[in-house]
Number of protein chains: 2
Amino acid sequence: MTVERTRRNRKLDRPRERVLEEAWRLLAEKGLADLTLAELGRRVDTSASHLLYYFGSKDDLLLEVVRWSESQLREARAAALATGSVQTRLRRFCELYLPSEPGDPRWLLWIELWPRALRSTSLGEHYGDFDAEWRADLAALLEEAGARDATARARRICALLDGLSVALVLGEDGLTVKDAWKHVRALLPD
Amino acid sequence: MTVERTRRNRKLDRPRERVLEEAWRLLAEKGLADLTLAELGRRVDTSASHLLYYFGSKDDLLLEVVRWSESQLREARAAALATGSVQTRLRRFCELYLPSEPGDPRWLLWIELWPRALRSTSLGEHYGDFDAEWRADLAALLEEAGARDATARARRICALLDGLSVALVLGEDGLTVKDAWKHVRALLPD
DNA sequence: AAGTCATTTTGAACGTCGTACAAAACTGAC
DNA sequence: GTCAGTTTTGTACGACGTTCAAAATGACTT
């Protein structure tokens, strides 16, 4: 009933995705500094006020961007883990998890969200699930590889990946994606 | 010559430390949200403008707080690593590194600094040294424990500690300091 | 065709933050 | 007591997220 009525008069055909995509692109092109509601609104040809009307707050908008990108990654992960030896699939998993370069939008987002979660208390409740997904997939992989304590080990490896990722996006000296992969491999079975 | 002349007329006897300590306390009591120049100024009985005059910018002020707290920790670390078996000293190292509780000021600071570093480019140059200190101390410990590749392993363990610490300060479900220590121990030589 | 009504969209205003700047207060030296 | 340089303050600015009331829009009724 209201489903049809509430979605009238929209300026954009698929406003949600349009905005989220553009936020992602903006993040990739200009970084965190330029990810403002005004700039984002300009890019999708609306006002900042409208973005607020639509998403409620910037916190919620950012959370939606994460949700959207994580659902993309969920698919990519499923595809990457569908074929190949356990070893290769583990490598693919890490490649998906780690930032592809300093300034990787995914990690920019997380780093922006963490202090926000510490201020708001409403943010922190939802995003914990995303980590859990990654960990579950990794645990399954590890189990398949014949590792004991797959769950705990998955937690451990993901924490390591987090630490390495932060160092990588921040561009800490003397650490490359290649190094990171070597560190992770040291924690993998056999 | 100018050393005496430039340090006249100070309202506070040791204004620097006074401010840094109060920032730390404010952080511990109220968290990131209330760590504003106005509030901090109120606490040390000055104006926000004066804090800027003194520290240059909020970024720089935060960096000074980190510098100050890291120098405290440097001493604490030296004391903690002076006596005891290698095993105990490794444990003490981790206890110092990891957040003591959700809302640990040290980690609040880092989480606040990371997005700032991503925006400013001038911040990121200096704070990389702090990690390096921790890693050097840990590497020495590992070497003493007879581990091969002490440097690489130290990097790995510190990255793990980073990941675990972030999860801990953010209060992620199902992770305690005790768990964290267990994860780290899995990476230690024995 | 005109009118209604809920929804969408906008523009202006607000509060807060970090910051810039000029004026004022202070202090030691002459 | 005046002067010069430092310290301290108050005020103002711009940017940001946010709020709010008003306007625009388009589907439905008559």
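Quick notes on this structure:
- Test: residue in the stretch B:100-111 that is over 18 Å from A:Gly163 (Cβ atoms) and among the hydroxyl-bearing types (Ser, Thr, Tyr): yes
- Candidates A:Arg119, A:Arg106: the one that is under 25 Å from A:Leu35 (Cβ atoms) and at the interface with another protein chain (Cβ under 7 Å from one of its Cβ atoms) is A:Arg119.
- Residues of the stretch B:142-157 satisfying the condition of being touching a residue at least 40 places away in the same chain (Cβ under 8 Å) and either in contact with a Phe, Trp or Tyr (Cβ under 7 Å, 6 or more places away or on another chain) or closer than 18 Å to B:Leu96 by Cβ (or both): B:Leu142, B:Glu144, B:Ala145
- Residue match in the stretch B:131-153 (condition: polar (S, T, N, Q), modelled with pLDDT of 95 or more, buried (at least 21 other Cβ atoms within 10 Å of the Cβ) and assigned to a helix (DSSP H, G or I)): no
- Single match in B:Leu161, B:Leu118 (criterion: crowded, with 23+ Cβ neighbours inside 10 Å and not hydroxyl-bearing (Ser, Thr, Tyr)): B:Leu161
- Count of residues meeting criterion [assigned to a helix (DSSP H, G or I) and either among the aliphatic types (A, V, I, L, M) or at the interface with chain A (Cβ under 7 Å from one of its Cβ atoms) (or both)] in the stretch B:159-183: 13
- Meets criteria (more than 7 Å from every other protein chain (Cβ to nearest Cβ) and not acidic (Asp, Glu)) for A:Gly124: no
- Residues of the stretch B:39-66 satisfying the condition of being away from DNA strand C (no atom under 11 Å from the Cβ), in contact (Cβ under 8 Å) with a residue 24 or more places away in the chain, under 18 Å from B:Ala28 (Cβ atoms) and assigned to a helix (DSSP H, G or I): B:Glu64, B:Val65, B:Val66
- Candidates A:Glu95, A:Glu112, A:Glu125 - the one that is among the acidic types (Asp, Glu) and more than 23 Å from A:Leu170 (Cβ to Cβ): A:Glu125
- Check on A:Leu108, within 15 Å of the chain's Cα centre (by Cα), outside the structural domain of A:Val166 (by TED's automatic domain parsing) and either among the acidic types (Asp, Glu) or modelled with pLDDT of 95 or more (or both): no
The values are calculated or read from the model by the stated rules, or taken from the named source; none is laboratory data. Since we're looking at a predicted model, the values are computed, not measured. Quick reminder, even Gly has a Cβ in these numbers, built from the backbone with ideal geometry, and neighbours come from all protein chains shown.
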